[in-house]
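Student: The structure's right below; bear with me while I get my questions together.
The values are calculated or read from the model by the stated rules, or taken from the named source; none is laboratory data. A quick note: this is a predicted structure, and the numbers were derived from the prediction, not measured. For neighbour counting, all protein chains shown are included, and Cβ atoms are generated from backbone atoms with ideal geometry for every residue, glycine included.
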Amino acid sequence: MKKGIIYSFFGWLIECLRYLNLVELFKFIGVKFSPNNRITALRFSVDLFIILKWIFISIIWCLNVKNTYINLIVWYLIFTNVYTYFYYHTWDKNINKAEFDFDRIKRRFLNLGLSIAYNVFSFAYLFAQPFSNNFKWNNGSSTFQDSVLYSLANSFTTTYESVETMTSVGQRLTLLETAISFFFLTIILSNSIPQVKTD
């Protein structure tokens, strides 16, 4: 307890949440299949997970899925998306190893950019499909373009006049997306700039 009660509890909680993160299972399985090439297995597993979650959100949107259980999966993916980048960009002890090669730096920023884009796209799906009745759509109904642009505008705390919130639920969704985007764009991004190793 020399680190303090709050820090110790929070640290324990953050570490426990890793076991609820699906990407960790992908990484575990990947390393089991290729134990002799651990780094490649980990990178392949993470990439596969990213691709699959993009495919998932695209399919349910194309099929106009509005289902409570699917909503729970989308919320799970949004929050584990945030957690993953919080953990590996600000919390993990390996960030002390601040000297990375160019490929690793590029990979980290590419994955961070994809994560931010996934957040925007996932909220756009929520606005357009299961929660569309909480918004006033300029065209009378939600469209892909309007929902993505509205979600993107929320991420940069600007307005998109073709969509307006009509209920407290819509306002809460909008505020939540803005808060998550602020988290991504400030806290994580500012802590994701490692130094390039020199010879």
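Student: Can you name the condition, by its number, that Thr165 falls short on among (1) within 21 Å of Ile116 (Cβ to Cβ); (2) surrounded by 13 or more Cβ atoms within 10 Å (Cβ to Cβ)?
Tutor: (1)
Results for (1) surrounded by 10 or more Cβ atoms within 10 Å (Cβ to Cβ); (2) in contact (Cβ under 8 Å) with a residue 60 or more places away in the chain; (3) in contact with a Leu (Cβ under 6 Å, 6 or more places away or on another chain), shown as yes or no for each residue.
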{"site": "Lys2", "(1), (2), (3)": "no, no, no"}
{"site": "Ile6", "(1), (2), (3)": "no, no, no"}
{"site": "Arg18", "(1), (2), (3)": "yes, yes, no"}
{"site": "Leu25", "(1), (2), (3)": "yes, no, no"}
{"site": "Phe28", "(1), (2), (3)": "yes, no, no"}
{"site": "Asp47", "(1), (2), (3)": "yes, no, no"}
{"site": "Trp54", "(1), (2), (3)": "yes, yes, no"}
{"site": "Trp61", "(1), (2), (3)": "yes, yes, no"}
{"site": "Thr80", "(1), (2), (3)": "yes, yes, no"}
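Residue-by-condition table, conditions (1) modelled with pLDDT of 95 or more; (2) within 21 Å of the chain's Cα centre (by Cα); (3) among the aliphatic types (A, V, I, L, M):
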{"position": "Asn111", "(1), (2), (3)": "no, yes, no"}
{"position": "Phe123", "(1), (2), (3)": "yes, yes, no"}
{"position": "Leu126", "(1), (2), (3)": "yes, yes, yes"}
{"position": "Phe135", "(1), (2), (3)": "yes, no, no"}
{"position": "Ser141", "(1), (2), (3)": "no, no, no"}
{"position": "Leu149", "(1), (2), (3)": "yes, yes, yes"}
{"position": "Phe156", "(1), (2), (3)": "no, yes, no"}
{"position": "Glu161", "(1), (2), (3)": "no, no, no"}
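Student: Could we say that Ala179 is of a type in the set (Gly, Ala, Ser), loosely packed, with under 13 Cβ neighbours inside 10 Å and at pLDDT 85 or above here? Full working, then the answer.
Tutor: Numbers: of a type in the set (Gly, Ala, Ser): yes; loosely packed, with under 13 Cβ neighbours inside 10 Å: yes; at pLDDT 85 or above: yes.
Yes, satisfied.
Student: What pairs can you find where one residue is in the range 155-169 and aromatic (Phe, Trp, Tyr), the other is surrounded by 13 or more Cβ atoms within 10 Å (Cβ to Cβ) and not in a loop (DSSP other than H, G, I, E, B), and their Cβ atoms are less than 6 Å apart, with a gap of 6+ or different chains?
Tutor: Tyr160/Leu149; Tyr160/Tyr150; Tyr160/Ala153
Student: Right, something else. Output the number of residues of the range 125-144 satisfying the condition of being touching a residue at least 40 places away in the same chain (Cβ under 8 Å) and either assigned to a helix (DSSP H, G or I) or of a type in the set (Gly, Ala, Ser) (or both).
Tutor: 5
Student: Take the range 102-149 and flag every residue that is acidic (Asp, Glu) and surrounded by 18 or more Cβ atoms within 10 Å (Cβ to Cβ).
Tutor: Result: Asp146, single match.
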